[in-house]
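**Q** For reference, the structure I am asking about is given below.
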2 protein chains.
Amino acid sequence: MSGNPMPQHNLPRSKPQQKNKSTKPVITRHVHTVIIGAGTAGQTAYHAAVKVTDNVLLINGGEWNTTCARVGCMPSKLLITAANRAYDINTSEVFGLKSTLKVDAKAVMKRVQLERDFFANSVLKTVSLFPDQHKLSGYARFINKNTVQVGEERIQAQRIVIATGGSPLIPEGWAGKLGKRLLTNESIFEIKKLPKSLAVIGSGAQGLELAQAFHRLGVRVKLFNRSEKVGSLTDPALQQHAVDVFSQELDLALGTIIMNVALTDSPKLQNRTNSKKAQVQITFKNKSGVEQQDTFDYVLCAITRQPNLGALDLPTAGIDLDQRGIPVGYNPLTGQIGRKPIFIAGDADLYRPIMHEAVFQGRLSGFNAARETGVEKSLPMSPLGVIFSEPQMAIVGLNYRQLTDSQQLFHIGELDFAHQGRARVMAVKHGKLRLYGDAKTGRLLGAEMFGPHVEHLAHAVAWMIQHDISIEQMIRNPYYHPTLEEGLRTALLRLKHAMQQTA
Amino acid sequence: MSGNPMPQHNLPRSKPQQKNKSTKPVITRHVHTVIIGAGTAGQTAYHAAVKVTDNVLLINGGEWNTTCARVGCMPSKLLITAANRAYDINTSEVFGLKSTLKVDAKAVMKRVQLERDFFANSVLKTVSLFPDQHKLSGYARFINKNTVQVGEERIQAQRIVIATGGSPLIPEGWAGKLGKRLLTNESIFEIKKLPKSLAVIGSGAQGLELAQAFHRLGVRVKLFNRSEKVGSLTDPALQQHAVDVFSQELDLALGTIIMNVALTDSPKLQNRTNSKKAQVQITFKNKSGVEQQDTFDYVLCAITRQPNLGALDLPTAGIDLDQRGIPVGYNPLTGQIGRKPIFIAGDADLYRPIMHEAVFQGRLSGFNAARETGVEKSLPMSPLGVIFSEPQMAIVGLNYRQLTDSQQLFHIGELDFAHQGRARVMAVKHGKLRLYGDAKTGRLLGAEMFGPHVEHLAHAVAWMIQHDISIEQMIRNPYYHPTLEEGLRTALLRLKHAMQQTA
């Protein structure tokens, strides 16, 4: 990707096509398993496939690296860690501590970039250990369900794994109008110093995390979203609580429609889009329908991510996408698309587009693609999603919306962190957690969480659900005192009580 | 307890003994279940017992409150939270943040005390809901296995639960020599402002936690211990690592023998022990055998805690203590002592003297005591211990020493947090975690941990052990990225590998 200073490995490029008298293009390679894309899912698919066959080719366009290390999980968590530390410094008076803070706008980004490079270089190191004959640089497109074209090379494969990842969606025209003032997760971690102001478009996981992080680092941030929701929570009680809590800290422009974006008028400057002085003016209708304007140094576009499938020419391989963008016939338990010799994994399929699912799917698709016959079904993994805002959000198992949509009868056990011992010790003033239980089976169906460090509680609950531990058994777990885990026990007891009331 | 500003409830005092012509003392009350001690274990025993019978009497000497809320878990965690925040402020430069810190020595203690009072008052509120006829203030002693004396009252009971808690052990003579300059957990949270200097005697859980907390709040602290160990870790690799890590931060005087303690010579002061200017001089032999002296504002004695059994006159009830201080015949699965009508729970029995075990034991002993016939065995709870130092320590299941003592064959899977992704994001430079596995069963036997926020990993591991989840199943859990939980997965994979190597 442009703008990214990662070292490039000296990888074999696609060979010039052999001269041939026939007009029909000649197959330049025959391989068993082709994997398209060398990000997290593609690399994991590769690791799984080479255990079965040496006849593997990993094809990658652009950098041989992962979204996670380069422009995703790692740099965002690095920024968030700095931001939360800044917030902690600014809110320490409650503990009897008097502190001052000066954010070094360059040093913050420098640490993010240095550590990001460490993680990205670790990935490069791993890839460099793959034998050269297993790697090909270039963008692939399907010729038919068993053949892909990469530059001058035409490669025939018994199986093909699509692991092309995803990219940020940018509204039409914005890139041209805003130039370098328009940022996405692909470019925001490259800025040399924290900006003075930032408009964040989209209050999903990425938008919320980064809006809060930049805000906590002293950047003036406005967070725009078309709907009136923040983050991933589907439980209306938690969603409302989250909006209330974040409203106290952040400048939220929810229920807002963006009418126009433009660079501010700077007639003296020739090359406006690249000027360091140009700013972005956003014209928007707020939720009362009133038109307003605001001006920012940068816009971070975090509306959504879309799978990188356009250049693959999927219809040639007979693959259609459903309205969610998931290939028709995709089986998450095998990775296969219908009965085709084609598998998919990672963000390319929009099915649970998060990193640990990409690993899971990559391993599954790579293994099943490389096998000589048949496919194996994986044991399903309990759904688990975390947003690293503060308070954090987490969803485990079936979420509230899925449960209500399915019209399943379920009970709720709630905990309010404002009245939880350890949270009170930590001076935490808000946050809630809701467990959803099935009275018939005595099992937890799922949970939504909004509270301090709920990433940990979310793991524990996901694991309990995965191993079919009953609510009664969970209550008998050891809970050390004083911990946040005790709050989980309180919610379990309330859930049990609610289930007994209606039994 | 003196010095504690808790409101006292107006509770019924023991009645004057009825006049009687016989010299044999008259039984003033007949109850089914007597519970001696109204701390955490006693209150839980009470809750369990009243579900079975209304004929319960809860006897309590001193404050009707809990060690946990008053002088244990809660005030220590409040102090630790402030201390870790101070540390975070002082170590924020790595993130590009420039900060200054001034610790308000009074405000820190004030918040600890205010919040401590909140927790202690919650306990009082709970106790105030127990009916008056169920409560008696005073210290009990056994007359025989079915009778206790409380002041002028002689109470006969079918069952008796001992839940008298524990107290800090103070070396002979220290109290007299040092007066108010000698602190224990019973008094240290009462000081109005942070001292300038503090000697902490004992580097177990309490000593380590408080030494580090006061140090991080700017107090000059020296941590003395007879052995060369800190905290609870029994795995030599982790114990050594912990000593190395804490040596970088704290003034550790390990392997040290204290020769003498005395107040500094202040001839002008009449009442030296109560003087605000007197200091404590400690004469000690360091681990090289060299005699040294150092002077401190206060000494915190955190050597160990001992059960409050002395005043009970246990031999009268036919109860002996073994060398560990646990009543001979005590069955942790029922709470009963031999076949006597006597049960024990909480810190009084020195069997796992931690808060959640006190709850567990209280519930068990209270329930079994109140039952008309027989006792029920509880399902055992997976052992779980946490020390809230930073890095935290945790032990789960069987510890390293228990495993080696039992000469059981086991394998080790280790994680070094210095090379763990999320820990690196957090700028964590040290910490290790070791899992102990049984190759025959494919099960985890236990774990010792020393690292960032391992309280959470410790819970998750304890629960997996409790529910007999195999190592292979644990590896297939979802692990969100980037989290500390992923480090657990790394250790599990290494453990699996180690087990396969020798299989």
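The values are calculated or read from the model by the stated rules, or taken from the named source; none is laboratory data. As the structure is a computational prediction, the values presented were derived from the model and not from experiment. Neighbour counts are summed over all protein chains in view; Cβ atoms, including those assigned to glycine, are modelled from backbone coordinates with ideal geometry.
**Q** Restricted to region B:49-79, and to residues that are surrounded by fewer than 23 Cβ atoms within 10 Å (Cβ to Cβ) and of a type in the set (A, V, I, L, M), which residue is farthest from the chain's Cα centre (by Cα)?
**A** Of all residues in region B:49-79, those surrounded by fewer than 23 Cβ atoms within 10 Å (Cβ to Cβ) come to B:50-55, B:61-63.
From what's left, of a type in the set (A, V, I, L, M): B:50, B:52.
Details: B:VAL50: 27, B:VAL52: 30 Å.
In this case the residue turns out to be B:VAL52.
**Q** Further question on the same structure: Would it be correct to say that A:ARG371 is surrounded by fewer than 24 Cβ atoms within 10 Å (Cβ to Cβ) and over 22 Å from A:PRO307 (Cβ atoms)?
**A** Numbers: surrounded by fewer than 24 Cβ atoms within 10 Å (Cβ to Cβ): yes; over 22 Å from A:PRO307 (Cβ atoms): yes.
Spelling it out, A:ARG371 is indeed surrounded by fewer than 24 Cβ atoms within 10 Å (Cβ to Cβ) and over 22 Å from A:PRO307 (Cβ atoms).
**Q** I need the full set of residues from region B:82-94 which are within 19 Å of B:PRO195 (Cβ to Cβ) and either within 7 Å of chain A (Cβ to nearest Cβ) or not in a helix (DSSP H, G or I) (or both), in order please.
**A** Passing the criteria: B:ALA82, B:ALA86.
**Q** Let me ask you something else. Could you grab me the full set of residues in region B:444-492 that are touching a residue at least 40 places away in the same chain (Cβ under 8 Å), touching a strand residue (DSSP E or B) at 6+ places or on another chain (Cβ under 7 Å) and more than 19 Å from A:PRO478 (Cβ to Cβ)?
**A** B:PHE450, B:GLY451, B:GLY487, B:THR490, B:ALA491, B:LEU492, listed by residue number.
**Q** Looking only at helices (runs of 4 or more DSSP H) that fall completely inside region A:392-503, which ones have 1 or more residues that are surrounded by 18 or more Cβ atoms within 10 Å (Cβ to Cβ) and within 11 Å of another protein chain (Cβ to nearest Cβ)?
**A** Working: elements: A:400-405, A:421-425, A:454-466, A:471-475, A:485-501.
It comes to A:421-425, A:454-466, A:471-475, A:485-501.
**Q** Among the residues of region B:322-347, count how many are at pLDDT 90 or above, crowded, with 16+ Cβ neighbours inside 10 Å and over 22 Å from B:ARG371 (Cα atoms).
**A** 1
**Q** Sticking with this one: Given (1) under 30 Å from A:ALA213 (Cα atoms); (2) assigned to a helix (DSSP H, G or I), where does B:LEU101 come up short, assuming only one miss?
**A** All conditions are met except number (2).
**Q** Would you check if there is a residue in region B:120-131 being under 24 Å from B:CYS301 (Cα atoms), in the same structural domain as B:LEU58 (by TED's automatic domain parsing) and either part of a helix (DSSP H, G or I) or of a type in the set (Asp, Glu) (or both)? Write out each step before concluding.
**A** Of all residues in region B:120-131, those under 24 Å from B:CYS301 (Cα atoms) come to B:120.
Remaining after also requiring in the same structural domain as B:LEU58 (by TED's automatic domain parsing): B:120.
Cutting the leftovers down to either part of a helix (DSSP H, G or I) or of a type in the set (Asp, Glu) (or both) gives us B:120.
Taking every residue of region B:120-131 in turn, at least one turns out to be under 24 Å from B:CYS301 (Cα atoms), in the same structural domain as B:LEU58 (by TED's automatic domain parsing) and either part of a helix (DSSP H, G or I) or of a type in the set (Asp, Glu) (or both).
**Q** Same structure again: Applying the selection to region B:305-341, what residues are closer than 30 Å to B:GLY151 by Cα and polar (S, T, N, Q)?
**A** From region B:305-341, those closer than 30 Å to B:GLY151 by Cα are B:305-322, B:325-330, B:335-341; that's our starting set.
Of everything in region B:305-341, those that are closer than 30 Å to B:GLY151 by Cα and polar (S, T, N, Q) turn out to be B:GLN306, B:ASN308, B:THR316, B:GLN336.
**Q** Has region A:50-62 got at least one residue that is at pLDDT below 95 and of a type outside the set (Ser, Thr, Tyr)? Spell out how you get there, then give the answer.
**A** Here is the first cut: in region A:50-62, the residues at pLDDT below 95 are A:62.
With of a type outside the set (Ser, Thr, Tyr) added as a condition, the list becomes A:62.
Among the residues of region A:50-62, at least one is at pLDDT below 95 and of a type outside the set (Ser, Thr, Tyr), which makes the answer yes.
**Q** Right, something else. Does A:GLU152 count as in contact (Cβ under 8 Å) with a residue 24 or more places away in the chain and either of a type in the set (Phe, Trp, Tyr) or touching a strand residue (DSSP E or B) at 6+ places or on another chain (Cβ under 9 Å) (or both)?
**A** no
**Q** Could you please give the count of residues in region B:26-48 that are surrounded by fewer than 24 Cβ atoms within 10 Å (Cβ to Cβ) and not hydrophobic (A, V, I, L, M, F, W, C)?
**A** The number of residues fulfilling the criteria is 5.
**Q** Given the condition acidic (Asp, Glu), free of Cβ contacts under 8 Å to residues at least 12 places away in the same chain and out of contact with any Leu (no Cβ under 7 Å at 6 or more places or on another chain), answer yes or no: does some residue in region A:179-202 qualify? Show your work before the answer.
**A** Within region A:179-202, the subset acidic (Asp, Glu) is A:186, A:190.
This time we only want the ones that are free of Cβ contacts under 8 Å to residues at least 12 places away in the same chain, so: none.
Among the residues of region A:179-202, not one is acidic (Asp, Glu), free of Cβ contacts under 8 Å to residues at least 12 places away in the same chain and out of contact with any Leu (no Cβ under 7 Å at 6 or more places or on another chain), which makes the answer no.
**Q** In addition: Hey, could you check region B:340-367 for residues that are assigned to a loop (DSSP other than H, G, I, E, B) and aliphatic (A, V, I, L, M) and say which is nearest to the other protein chains (Cβ to nearest Cβ)? Walk me through it before giving the result.
**A** Initially, region B:340-367 is screened for residues assigned to a loop (DSSP other than H, G, I, E, B), giving B:340-341, B:345, B:350-354.
From what is left, the residues that are aliphatic (A, V, I, L, M) are B:345, B:350, B:354.
Numbers: B:ALA345: 15, B:LEU350: 18, B:ILE354: 7 Å.
Among those residues, the one meeting the criterion is B:ILE354.
**Q** Let me ask you something else. Consider region B:393-420. How many of its residues are touching a residue at least 24 places away in the same chain (Cβ under 8 Å) and among the acidic types (Asp, Glu)?
**A** Pass one, region B:393-420, residues touching a residue at least 24 places away in the same chain (Cβ under 8 Å): B:393-403, B:408-415, B:417, B:420.
Those left that are additionally among the acidic types (Asp, Glu): B:414.
The total comes to 1.
**Q** May I pose another question? Go through region B:110-128 and report how many residues are under 28 Å from A:LEU101 (Cα atoms) and not aliphatic (A, V, I, L, M).
**A** Count: 4.
**Q** Sticking with this structure for a sec: Can you tell me which of B:SER137, B:SER203, B:SER227, B:SER197 is in the same structural domain as B:GLY39 (by TED's automatic domain parsing) and small (Gly, Ala, Ser)? Break it down stepwise before answering.
**A** Values: B:SER203 fails: in the same structural domain as B:GLY39 (by TED's automatic domain parsing); B:SER227 fails: in the same structural domain as B:GLY39 (by TED's automatic domain parsing); B:SER197 fails: in the same structural domain as B:GLY39 (by TED's automatic domain parsing).
Step by step, each of B:SER137, B:SER203, B:SER227, B:SER197 is checked, and only B:SER137 is in the same structural domain as B:GLY39 (by TED's automatic domain parsing) and small (Gly, Ala, Ser).
**Q** For region A:57-81, how many residues are at the interface with chain B (Cβ under 9 Å from one of its Cβ atoms) and among the basic types (Lys, Arg)?
**A** 1
**Q** Which is within 24 Å of B:GLY231 (Cβ to Cβ) and assigned by TED's automatic domain parsing to the domain that holds B:GLY39, of B:GLU390, B:GLU372, B:GLU357?
**A** Values: B:GLU390 fails: assigned by TED's automatic domain parsing to the domain that holds B:GLY39; B:GLU372 fails: within 24 Å of B:GLY231 (Cβ to Cβ).
Just one listed residue meets the conditions, B:GLU357.
**Q** Considering each of A:GLU93, A:GLU115 in turn, give the residue that is of a type in the set (D, E, K, R), crowded, with 17+ Cβ neighbours inside 10 Å and out of contact with any Ser or Thr (no Cβ under 7 Å at 6 or more places or on another chain). It would help to see each step written out before you state the result.
**A** Numbers: A:GLU93 fails: crowded, with 17+ Cβ neighbours inside 10 Å.
Criteria check complete, one pass: A:GLU115.
**Q** Could we say that A:LYS145 is farther than 30 Å from B:GLY218 by Cα and either within 14 Å of another protein chain (Cβ to nearest Cβ) or touching a helix residue (DSSP H, G or I) at 6+ places or on another chain (Cβ under 9 Å) (or both) here? Can you show your working first?
**A** Numbers: farther than 30 Å from B:GLY218 by Cα: yes; either within 14 Å of another protein chain (Cβ to nearest Cβ) or touching a helix residue (DSSP H, G or I) at 6+ places or on another chain (Cβ under 9 Å) (or both): yes.
Taking the combined requirement at face value, the residue satisfies it.
**Q** Now for a separate question. Only one of (1) at pLDDT 90 or above; (2) outside any strand (DSSP E or B) fails for A:LEU269. Which number is that?
**A** The one condition A:LEU269 does not meet is (1).
**Q** If we keep just the residues of region B:95-109 that are touching a residue at least 60 places away in the same chain (Cβ under 8 Å) and facing chain A (nearest Cβ under 7 Å), which is farthest from A:LEU97 (Cα to Cα)? Quick ask: steps written out before the conclusion?
**A** Within region B:95-109, the subset touching a residue at least 60 places away in the same chain (Cβ under 8 Å) is B:95, B:103, B:105-106, B:108-109.
Subset that is facing chain A (nearest Cβ under 7 Å): B:95, B:103, B:108.
Numbers: B:PHE95: 20, B:VAL103: 5, B:VAL108: 7 Å.
The residue in question is B:PHE95.
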